[in-house]
1. I need a count of the residues in the range 27-46 that are open to solvent by 100 Å² or more (accessible area, probe 1.4 Å) and touching a Lys or Arg at 6+ places or on another chain (Cβ under 9 Å).
2. Give the residues of the range 206-220 that are free of Cβ contacts under 8 Å to residues at least 24 places away in the same chain and either outside any helix (DSSP H, G or I) or open to solvent by 60 Å² or more (accessible area, probe 1.4 Å) (or both), sorted by residue number.
3. When the residues of the range 108-152 are filtered to those that are assigned to a loop (DSSP other than H, G, I, E, B) and among the aromatic types (Phe, Trp, Tyr), which remaining residue is farthest from ALA55 (Cα to Cα)?
4. I'm told ALA159 meets every condition in (1) among the hydrophobic types (A, V, I, L, M, F, W, C); (2) surrounded by fewer than 15 Cβ atoms within 10 Å (Cβ to Cβ); (3) closer than 17 Å to HIS24 by Cβ except one. Can you identify the failing condition by its number?
5. Of the numbered conditions (1) under 25 Å from THR16 (Cα atoms); (2) within 16 Å of the chain's Cα centre (by Cα); (3) surrounded by fewer than 22 Cβ atoms within 10 Å (Cβ to Cβ); (4) not charged (D, E, K, R), PRO142 fails exactly one; give the number of that condition.
6. Is there a residue being open to solvent by 30 Å² or more (accessible area, probe 1.4 Å) and farther than 17 Å from PRO140 by Cβ anywhere in the range 19-26?
7. Out of ASP107, ASP25, ASP89, ASP79, which single residue is out of contact with any Leu (no Cβ under 6 Å at 6 or more places or on another chain) and over 27 Å from ALA162 (Cβ atoms)?
8. As an exercise: evaluate ARG165 against (1) open to solvent by 60 Å² or more (accessible area, probe 1.4 Å); (2) in contact with a helix residue (DSSP H, G or I) (Cβ under 8 Å, 6 or more places away or on another chain); (3) in a helix (DSSP H, G or I) and give the number of the one condition it does not meet.
Amino acid sequence: MKIGIIGAGNIGGNLTRRLTALGHDVSVANSRGPETLGELAEETGARAVRAEEAAQGAEVVVVTVPLKAVPDLPSGLLDAAAEGVAVIDTGNYYPRERDGRIAAIEDEGLTESRWTERHLGHPVIKAFNGTYAQDILDRPRPAGDSERIALPVAGDDEAAKAKVRALIGELGFDTVDAGGLDDSWRQQPGTPVYGLRADVEGVKKALTAASPERPAEFRG
């Protein structure tokens, strides 16, 4: 499958490593230009490209950049993607540490991924936002393994969600349908499932236990 990854930090870099190892055709981009990604490209066989090129022909696009950087992504970013492209948003809102205050999230009550979706102009699927980057490399397990952990996946586009869940399964993790994008507050920072390493039942319980009240440390 042709996959574009926009953002080459810890999550983006490790997804590049795993997805190329599984035989996928991966293009990876960052904000500093493809010349800064030579080492990752050489290690993995992925193509280092500009952000506006990463989605060309892609069936899956992973947007894994700081939330504050989302409005600065190139316009028309997804215009050349494959029909029916699934867009994965891994982002989190850290107003005190990194992103500054975003009024639409705090005052209007938008979920973080709904805010990102509006900027991208395309439906997104929220996944990997509470996953430890190193776990992408260290914790894949075959289906049925007692140590296989599950990841919550939220989104409104059922076909795209199914595609993302299948890809996560291929990566070595179970998934739990966490509802639509307006329900994705259940997996935002400060919730019980955020950073949780648990099986399907454990993830379901954590999602159910979440409160819609944003914790003080995650308010600007």
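1. Taking the range 27-46 first, the residues open to solvent by 100 Å² or more (accessible area, probe 1.4 Å) are 31-32, 35, 39, 42-43.
Okay, now just the ones that are also touching a Lys or Arg at 6+ places or on another chain (Cβ under 9 Å), so 43.
Residues in the range 27-46 being open to solvent by 100 Å² or more (accessible area, probe 1.4 Å) and touching a Lys or Arg at 6+ places or on another chain (Cβ under 9 Å): 1 in total.
2. Once the filter is applied, which keeps residues that are free of Cβ contacts under 8 Å to residues at least 24 places away in the same chain and either outside any helix (DSSP H, G or I) or open to solvent by 60 Å² or more (accessible area, probe 1.4 Å) (or both), the range 206-220 yields THR208, ALA209, SER211, GLU213.
3. From the range 108-152, those assigned to a loop (DSSP other than H, G, I, E, B) are 108-111, 121-124, 127-132, 139-149; that's our starting set.
Within this subset, residues satisfying the condition of being among the aromatic types (Phe, Trp, Tyr) are 128, 132.
Details: PHE128: 19, TYR132: 25 Å.
It comes out as TYR132.
4. Going through (1) among the hydrophobic types (A, V, I, L, M, F, W, C); (2) surrounded by fewer than 15 Cβ atoms within 10 Å (Cβ to Cβ); (3) closer than 17 Å to HIS24 by Cβ one by one, ALA159 breaks only (3).
5. PRO142 satisfies every listed condition except (2).
6. There is at least one residue in the range 19-26 that is open to solvent by 30 Å² or more (accessible area, probe 1.4 Å) and farther than 17 Å from PRO140 by Cβ.
7. Values: ASP25 fails: over 27 Å from ALA162 (Cβ atoms); ASP89 fails: over 27 Å from ALA162 (Cβ atoms); ASP79 fails: over 27 Å from ALA162 (Cβ atoms).
Exactly one residue qualifies, and that residue is ASP107.
8. (2)
The values are calculated or read from the model by the stated rules, or taken from the named source; none is laboratory data. Remember, it's a predicted structure, so these values are computed and weren't measured experimentally. For neighbour counting, all protein chains shown are included, and Cβ atoms are generated from backbone atoms with ideal geometry for every residue, glycine included. These accessible areas exclude ligands, DNA and RNA; they are computed on the full protein's heavy atoms, side chains included. Shrake-Rupley method; radii C 1.70, N 1.55, O 1.52, S 1.80 Å.
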